[in-house]
């Protein structure tokens, strides 16, 4: 009986050790570099960059007409999107999902939402202010950004990888040259891209919010 008693004790003590070494561990979030993205979305000078990519510097005006610089939000987690206020197709769905993100992280100084316009000639500061009020976008967390069209597009192409070369080169006023993507981009505290998510899909956005919580606990 004594042998059976010790066997039971050893078995019980071994359970947590077995769980630690055998149970599947959650994978780290990927760090996305140019080589991990479709070649058509990457500027040729960046195509062979296998590591070390970070979002470049920028300065744009928010819905209150105040300049937001990338350095103002260094050390924070970013959720970024490209949209336009007169969009009647996917943008309303993306707006609803982004409102969920704001609600889930309201008051969290470590997270910012960046909504860059693709039609700055329409989306003036005044227009962005009206749209921000319509959405209930709350500063300083949710920034609706407008500015120079070429700078907005270059940032989309060379930093976020959301724009094809032809769209960058064709900057005419025809109205058909803007990006129209449903992607939300998750950027960590070191300006590294950690994920792309379908901003029209609630399950994808749920996953992104879970990944935000993971980033808040660790930088890896």
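Read-outs throughout are calculated quantities, based only on the coordinates presented, and are distinct from any laboratory measurement. Everything quoted here is computed from the prediction, not taken from an experiment. Ideal geometry is used to build each Cβ from the backbone, glycine not excepted, and the neighbour counts take in all protein chains shown.
Among 106-112, 89-95, 140-146, the peptide with the highest mean count of other Cβ atoms within 10 Å heads the list, and the full ranking is 140-146, 89-95, 106-112.
Please work out whether the range 30-217 counts as rounded, prolate or oblate from its C-alpha gyration tensor, where a ≥ b ≥ c are the square roots of the eigenvalues and a/c under 1.5 means rounded, while otherwise a/b larger than b/c means prolate and anything else oblate? Rounded is the answer for the range 30-217, as its axis ratio a/c remains below 1.5. Each residue, residue 108 and residue 124, gets one label point 7 Å from its Cα in the Cβ direction; the gap between the two is 3.6 nm. Distance between the modelled labels on residue 139 and residue 76, one decimal in nanometres: 1.2 nm (7 Å Cα→Cβ projection).
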